[in-house]
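What follows is a short report on a single structure.
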Amino acid sequence: MVSSLSVCLNTSCEWKSLTCRLGLNPEEMADIEATSQDNAVRVGEEIDYFAAQLDRYDADQTGSPPERRSRVFQLVDSYYTFTRKRLDRLRERQARQRSAQRGSWQRAGSIEMDLDDADEENDDILDEELQQLEDEVQIWDLLRRILPLRYHGAIQNQKKEHDGSTKSRRQWWNEFMVSDSVARERKVVLEWLQNSASYGPPIDEVVSDLQHNAERGDILAHGWLHTRHKIKLQKSVNAYQGVLDPRDAAAAQSHLSSNSLITQLDPDAVTRQARKLEPQDESFERAIWLGCFEMLRRGCSMSEIREWLAVRTELWRAFSIAPLPLSNPDDEEQPDFDPVSLILWRRMCYAIATDGGTSDYDRAVYGLLAGDIPSVEKVCKTWDDVLFAHYNALLRTQFDLFLIKHGGDAAAKAAQQFPSFNAVAYHGDPATATKRLIDSLETGMKTSAEAFRPAKALQAAIVADDLDKFLFHQGLLLSIRANKKEKSKLIPEYPFPHESFSDKKYYDLGDHQGLRILAHVLIIILTLDRLSGVAKDKGPLQARHQAAENSIAAYISYLRLVRLEEMIPLYCSKLHGPRVYSTLSRNLIHIVDIDARLHQLTIMRNLGIDVSEFVKSQPLIYLDDVQDELVSCDAKDQFKILEDGPATLKYGRLVKPDFFGDDADYVDPEDDALIRSMEWLLLVPGLFVETCAYAVRIYKYFLSMLAASIGFLSRLLTVWQSVLGYGLLARLVGVSAATRSSALSSPTS
């Protein structure tokens, strides 16, 4: 239905001319206009793709509620897949550009300053586009994972008591998931955060700086090389045999001119002896633990972790991680699983995270395994990292409590022997824990700046199941901005007092990519709500619902401004009530070509829009625009349509050949819209009575206006003469002018 288009709006002058021809205020959609002040606004392939997929997976089509719900989930999947591919292509392009730049620098030796500036500017634009795409990918990825849980109920709450028989770890985990809907959702959020992190730089690149500080060249293996060399040197100089004793006085005085270096090379020598490694080996140690943390953060499988550590001859670390997979025990199954072992292992990891370890990343790895928060937060850098730390701790605590409850007396006894971090108790009331956590991210030193980015705020609203509030506030902000200078005809003012909120968290009118995301997210949520029997367009939530729909209305206006009129009916069909027709009218009134109008009416019919209601509503909308102005009838007793002299028996009194004067070319935007509304009305058959009624009202309006406005009568005569017949037309134009207030009374007056 939607053709592939790539359109550019050239200059601000052309834009303003277009808005004037449409009868819009010069300030209407001012922020969107600002985006084309200096550069052309390019309409990318995503605009066409999103519309095509929305039409393809239209859940308003026939089918059972589960089938229609499935189409919505397929729609979200298609948006994620498309955006992910775009992001991958852009990353490849960035890599090629940077590689080419490095090559040119090496060849040229030095580059002119203006070329450097141009490269930096291009890099900034590319980085900004990458960030926008990464944010969007995360939004669609989160929605495709979490919506089936919230709207589908794929797993029903079914509690099963432990029957005493041996179970595998997977069986224990599956029973835990079935028994706790909150845990299922937290697991989904964890997997989303892991998937997002997995597209970061390669692990070897992440640890490259620390690896460089280890001063071992390309050697990745063989552990603490520099410390081993010093120990061998000490033993050689002093003719020691066997293991150096750190308590030996001679060794303490002569050992590498320091009494703080370890004397043995086993993994826990640093903590057991309370001694240090050589600085280079400390960097190597931090690099290894950083790599382990990153792999756990990205949700790598145990086989991937083992392979990475085996290359570095540090396989023992993989064994210390293996007993407690992160959020997916399906990674490696344990057939004869004993809950007691897992309960104890978690507490041992907690002890290392709080009282052991050699570095922050060492403690953070065991903090992840133990479900601890403080030790992990120390190494968190982003909003995603902090949320991951908390959700990991919550899920681990929930599973631990489940094992204690259903693992028998031995499990309960083991849990009492050693302390552990209880994230569930730490966060308090489970019903409000997530919202309080999200709110805390807005005030945290590491996360506050990122939390107020619109894309991240939208993700936070989805995680906290607070999307309705976010979309309502987003609609309020668009309404405030659209009506800031003059009353908007496209996005009305909210009829009730505004709630207080920070506008930094929401998309602005000029962010057309953000408007696209918002419009489609809202359409998806409204569709799923409707399929679930939740009607927000009626009752006490109606006003909030209408405010939220401002996101769709703003996006529709963007489509009009970039001349993608074919898509407008599709998105208007997702609105509710009279707003469907008012938004259609405001955004299609500028079309003058008859074939284009008929094409639009065909699209509307295919979408299930009542075209009769659409064309009947248009004259009312544009009469409404002019009826509030109190203008006296200056044309009364001055403007004459008929020739002077007595009437003849055959023709009566004749119409003057040129009764319009010299102002026939003058076009008032409001008057032009009235005439166009009648032209649309004439395209739909079966509305003869309505056409006559509105013709009378509009004629009365024009006859009551100043003479400068009467040039429209010529156009009306041309359009209506063939439809209404000359006799009826003569009667219409012969109606004496009345005051404007009476002219705009009911159609039958």
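The values are calculated or read from the model by the stated rules, or taken from the named source; none is laboratory data. As the structure is a prediction and not an experimental result, all values here were calculated from the model. Using ideal geometry, Cβ is built from the backbone for each residue, glycine included, and neighbour counts are taken over all protein chains shown. Accessible surface is based on the protein model in full, side chains and every heavy atom, while ligands, DNA and RNA are left aside. Shrake-Rupley method; radii C 1.70, N 1.55, O 1.52, S 1.80 Å.
Being assigned to a helix (DSSP H, G or I), among the basic types (Lys, Arg) and open to solvent by 20 Å² or more (accessible area, probe 1.4 Å) is the filter here, so list the residues in the stretch 347-385 that pass it. Quick ask: steps written out before the conclusion?
Quick first cut of the stretch 347-385, residues assigned to a helix (DSSP H, G or I) only: 347-355, 360-370, 374-377, 383-385.
In the following step, the residues that additionally are among the basic types (Lys, Arg) were identified as 347, 363.
Within the stretch 347-385, 363 is the sole residue that qualifies.
Filter the stretch 163-189 down to residues that are touching an Asp or Glu at 6+ places or on another chain (Cβ under 9 Å) and surrounded by fewer than 16 Cβ atoms within 10 Å (Cβ to Cβ) and give me whichever is modelled with the lowest pLDDT.
It comes out as 166.
Using the structure shown, decide if residue 544 is open to solvent by 10 Å² or more (accessible area, probe 1.4 Å) and not in a loop (DSSP other than H, G, I, E, B). Break it down stepwise before answering.
Working: open to solvent by 10 Å² or more (accessible area, probe 1.4 Å): yes; not in a loop (DSSP other than H, G, I, E, B): yes.
Answer is yes for this residue.
Consider the stretch 271-301. How many of its residues are surrounded by 16 or more Cβ atoms within 10 Å (Cβ to Cβ) and under 27 Å from residue 388 (Cβ atoms)?
Number satisfying all stated conditions: 19.
Out of 575, 584, 598, which single residue is buried (at least 21 other Cβ atoms within 10 Å of the Cβ) and part of a helix (DSSP H, G or I)? Full working, then the answer.
Values: 575 fails: part of a helix (DSSP H, G or I); 598 fails: buried (at least 21 other Cβ atoms within 10 Å of the Cβ).
Only one candidate passes the filter, namely 584.
Report the residue count in the stretch 190-209 for those that are under 20 Å from residue 81 (Cβ atoms) and surrounded by 16 or more Cβ atoms within 10 Å (Cβ to Cβ).
Result for the stretch 190-209: 7.
Please work out which residue is modelled with the lowest pLDDT, limiting yourself to the stretch 653-687 and to residues that are assigned to a loop (DSSP other than H, G, I, E, B) and β-branched (Val, Ile, Thr). Can you show your working first?
Step one: filter the stretch 653-687 for residues assigned to a loop (DSSP other than H, G, I, E, B), giving 653-654, 656-668, 682-687.
Keeping just the survivors that are β-branched (Val, Ile, Thr) gives 667, 684.
Values: 667: 57, 684: 92.
Of everything passing the filter in the stretch 653-687, 667 is modelled with the lowest pLDDT.
Would you mention how many residues in the stretch 436-464 are assigned to a helix (DSSP H, G or I) and open to solvent by 20 Å² or more (accessible area, probe 1.4 Å)?
Residues of the stretch 436-464 assigned to a helix (DSSP H, G or I): 436-441, 448-451, 454-463.
Going one step further and asking which of them are open to solvent by 20 Å² or more (accessible area, probe 1.4 Å), we end up with 436, 439-440, 448-450, 454.
Number satisfying all stated conditions: 7.
From 70, 36, 17, 104, which residue is at pLDDT below 95, closer than 24 Å to residue 560 by Cβ, open to solvent by less than 70 Å² (accessible area, probe 1.4 Å) and outside any loop (DSSP other than H, G, I, E, B)? Full working, then the answer.
Working: 70 fails: closer than 24 Å to residue 560 by Cβ; 36 fails: outside any loop (DSSP other than H, G, I, E, B); 104 fails: closer than 24 Å to residue 560 by Cβ.
Of the residues listed, the single one that is at pLDDT below 95, closer than 24 Å to residue 560 by Cβ, open to solvent by less than 70 Å² (accessible area, probe 1.4 Å) and outside any loop (DSSP other than H, G, I, E, B) is 17.
Report whether or not residue 557 is among the polar types (S, T, N, Q), under 18 Å from residue 684 (Cβ atoms) and assigned to a helix (DSSP H, G or I). Before you say what the answer is, go through the steps one by one.
Numbers: among the polar types (S, T, N, Q): yes; under 18 Å from residue 684 (Cβ atoms): no; assigned to a helix (DSSP H, G or I): yes.
It is false that residue 557 is among the polar types (S, T, N, Q), under 18 Å from residue 684 (Cβ atoms) and assigned to a helix (DSSP H, G or I).
Checking the condition touching a His at 6+ places or on another chain (Cβ under 7 Å), crowded, with 18+ Cβ neighbours inside 10 Å, without any contact (Cβ under 8 Å) to a residue 40 or more places away in the chain and not in a loop (DSSP other than H, G, I, E, B), which residue from 389, 433 passes? Step through it out loud before you land on a result.
Working: 389 fails: touching a His at 6+ places or on another chain (Cβ under 7 Å).
Of 389, 433, the one residue that is touching a His at 6+ places or on another chain (Cβ under 7 Å), crowded, with 18+ Cβ neighbours inside 10 Å, without any contact (Cβ under 8 Å) to a residue 40 or more places away in the chain and not in a loop (DSSP other than H, G, I, E, B) is 433.
Checking residue 503 against (1) open to solvent by less than 40 Å² (accessible area, probe 1.4 Å); (2) within 30 Å of residue 449 (Cα to Cα); (3) free of Cβ contacts under 8 Å to residues at least 60 places away in the same chain; (4) not aromatic (Phe, Trp, Tyr), only one condition comes out false. Which one?
The failed condition is (1).
With respect to residue 340, determine if the residue is at pLDDT below 95, open to solvent by less than 40 Å² (accessible area, probe 1.4 Å) and touching a Gly at 6+ places or on another chain (Cβ under 9 Å).
Numbers: at pLDDT below 95: yes; open to solvent by less than 40 Å² (accessible area, probe 1.4 Å): yes; touching a Gly at 6+ places or on another chain (Cβ under 9 Å): yes.
Against the criterion (at pLDDT below 95, open to solvent by less than 40 Å² (accessible area, probe 1.4 Å) and touching a Gly at 6+ places or on another chain (Cβ under 9 Å)), residue 340 qualifies.
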